[in-house]
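Okay, structure first, notes after.
The values are calculated or read from the model by the stated rules, or taken from the named source; none is laboratory data. Everything numeric here is computed off the predicted structure, so don't read it as measured data. Virtual Cβ from ideal backbone geometry, glycine too; neighbours counted across all protein chains shown. Calculation scope for accessible area: heavy atoms of the full protein, side chains included, ligands and nucleic acids excluded. Shrake-Rupley method; radii C 1.70, N 1.55, O 1.52, S 1.80 Å.
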Amino acid sequence: MSTASRLPKTVQRLTSKLPTEVNKAVRRLALLSLIGQTVLVVTGGAVRLTASGLGCPTWPRCTSDSLVNTPEMGIHGFIEFGNRLLTFALAAVAAMMLVYLWNLRKERRDLFMLALGLLASIPAQAVIGGITVLSGLNPWVVGLHFLVSMALVVFATLLVNRAYGRTGRFMNRTLPDLPRLARPVMLAVAVFSALSVMLGVVVTGAGPHAGDADAPRNDLDWDLFSHIHAVPAYLITAGTLFAVYLVIRHKIGGPFRSASYLLLGVTLLQAVIGFTQYYNGIPALLVGAHMFGAAVLMSAATNAADLAKHSPAN
């Protein structure tokens with residue numbers, strides 16, 4: 001029997017072993033995707049904040065003669081190449097997620113398309129990362145690289161919510177009624193979170209942490225844009241405090257209450273980090289913490305808005 005005639009049966013045997021419902025493995029892969037995308041933000045921040053942005057001076061190879069970093073490149077080459085390797089790990093997780101969802105690709109199209117989007121975006125991120133290196137760390141390209149990572153955090157958060165049945169068409173729980181104002185307020189908070197992150201990219205592009213001593217800056221007024229960046233942050237805080245007020249006033253329980261409290265905690269922590277770094281010379285460690293906080297903020301705001309969208313209104 002030829003290989004071509006054996007292939008369909010081989011594929012059938014493989015697919016017969018794959019899940020026919022959303023199980024623990026699928027949920028864990030979704031959660032691992034979210035964790036991995038957040039870690040990628042942290043390692044990307046480490047590349048910039050340790051001036052390792054050109055630790056691998058070219059792309060797709062690390063050097064013109066080596067695919068990987070060499071001992072002569074020191075810690076900067078190790079940090080930059082380690083960040084590149086994480087991209088491959090995330091691609092493996094996304095590919096595995098698609099494999100596990102193969103038998104559910106029609107029934108759970110929501111999960112399959114989110115997982116496919118995460119996988120498809122990873123090579124796009126790699127290309128943007130390559131352009132970042134080849135452009136000598138142009139701050140606008142660096143910013144785009146970061147913003148795509150933030151979008152992937154959003155998609156991964158939605159994937160987790162759908163996989164665990166927290167939101168979407170296949171919810172496995174009943175969410176409590178929310179006041180009608182909750183949905184537009186949480187949507188506004190999510191939008192302001194995205195705007196705050198985008199303005200934060202502009203601030204960082206004007207600041208001292210360029211990723212390399214010779215990397216260009218965007219030549220904008222860092223202090224002015226720091227204050228502009230704070231405006232949506234104030235609006236996020238106001239919206240989140242209003243959501244917490246609604247939770248307390250209407251005695252709302254369940255996931256939305258937890259999401260509101262989490263969002264408030266992340267927002268206040270981001271504010272503390274932001275003010276502290278502003279008045280203390282922008283130390284690299286605090287900038288890194290602020291970048292990690294931005295990823296957590298986007299995830300928390302997405303989660304709260306997603307829950308509000310799928311909760312009944314009274």
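Counting only residues that are assigned to a loop (DSSP other than H, G, I, E, B) and of a type outside the set (A, V, I, L, M, F, W, C), which one in region 68-106 is most open to solvent (accessible area, probe 1.4 Å)? Talk me through it step by step, then tell me what you get.
Narrowing region 68-106 to residues assigned to a loop (DSSP other than H, G, I, E, B): 68-70, 101, 105-106.
Narrowing further to those that are of a type outside the set (A, V, I, L, M, F, W, C): 69-70, 105-106.
Values: N69: 41, T70: 39, R105: 80, K106: 170 Å².
That would be K106.
Rundown of residues vs (1) of a type in the set (S, T, N, Q); (2) more than 22 Å from G281 (Cα to Cα), yes/no style:
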position: G136; (1), (2): no, yes
position: S149; (1), (2): yes, yes
position: V160; (1), (2): no, yes
position: V203; (1), (2): no, no
position: P208; (1), (2): no, no
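All conditions but one from (1) touching a residue at least 60 places away in the same chain (Cβ under 8 Å); (2) over 18 Å from L262 (Cα atoms) apply to Y278; the one that does not is (1).
Count of region 233-254 residues, restricted to those that are surrounded by fewer than 21 Cβ atoms within 10 Å (Cβ to Cβ), assigned to a helix (DSSP H, G or I) and not hydrophobic (A, V, I, L, M, F, W, C), is 5. Considering region 36-67, the residues that are of a type in the set (S, T, N, Q) and modelled with pLDDT of 85 or more include one that is most open to solvent (accessible area, probe 1.4 Å), namely T50.
When C62 is tested against (1) in contact with a Ser or Thr (Cβ under 9 Å, 6 or more places away or on another chain); (2) over 22 Å from F146 (Cα atoms), only condition (2) is not met. Of the candidates R48, R61, the single residue that is among the basic types (K, R) and in a helix (DSSP H, G or I) is R48.
Mind checking which residues of region 152-179 are open to solvent by less than 40 Å² (accessible area, probe 1.4 Å) and aliphatic (A, V, I, L, M)? Hits for region 152-179 are L152, V153, V154, A156, L158, L159, V160, A163, L175, L178. The residue of region 123-142 that is nearest to the chain's Cα centre (by Cα), among those that are among the β-branched types (V, I, T) and buried (at least 21 other Cβ atoms within 10 Å of the Cβ), is V142.
Could you say which residue among F146, F112 is crowded, with 16+ Cβ neighbours inside 10 Å, over 21 Å from A301 (Cβ atoms) and under 21 Å from the mean Cα position of the chain (by Cα)? Please lay out each step first, then the result.
Numbers: F146 fails: over 21 Å from A301 (Cβ atoms).
From the options F146, F112, the qualifying one is F112.
Yes/no matrix, rows are residues, columns are (1) basic (K, R); (2) surrounded by fewer than 20 Cβ atoms within 10 Å (Cβ to Cβ); (3) not in a helix (DSSP H, G or I):
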{"position": "R183", "(1), (2), (3)": "yes, yes, no"}
{"position": "M186", "(1), (2), (3)": "no, no, no"}
{"position": "V191", "(1), (2), (3)": "no, yes, no"}
{"position": "S196", "(1), (2), (3)": "no, no, no"}
{"position": "V201", "(1), (2), (3)": "no, no, no"}
{"position": "T204", "(1), (2), (3)": "no, no, no"}
{"position": "R217", "(1), (2), (3)": "yes, yes, yes"}
{"position": "L220", "(1), (2), (3)": "no, yes, yes"}
{"position": "A230", "(1), (2), (3)": "no, yes, no"}
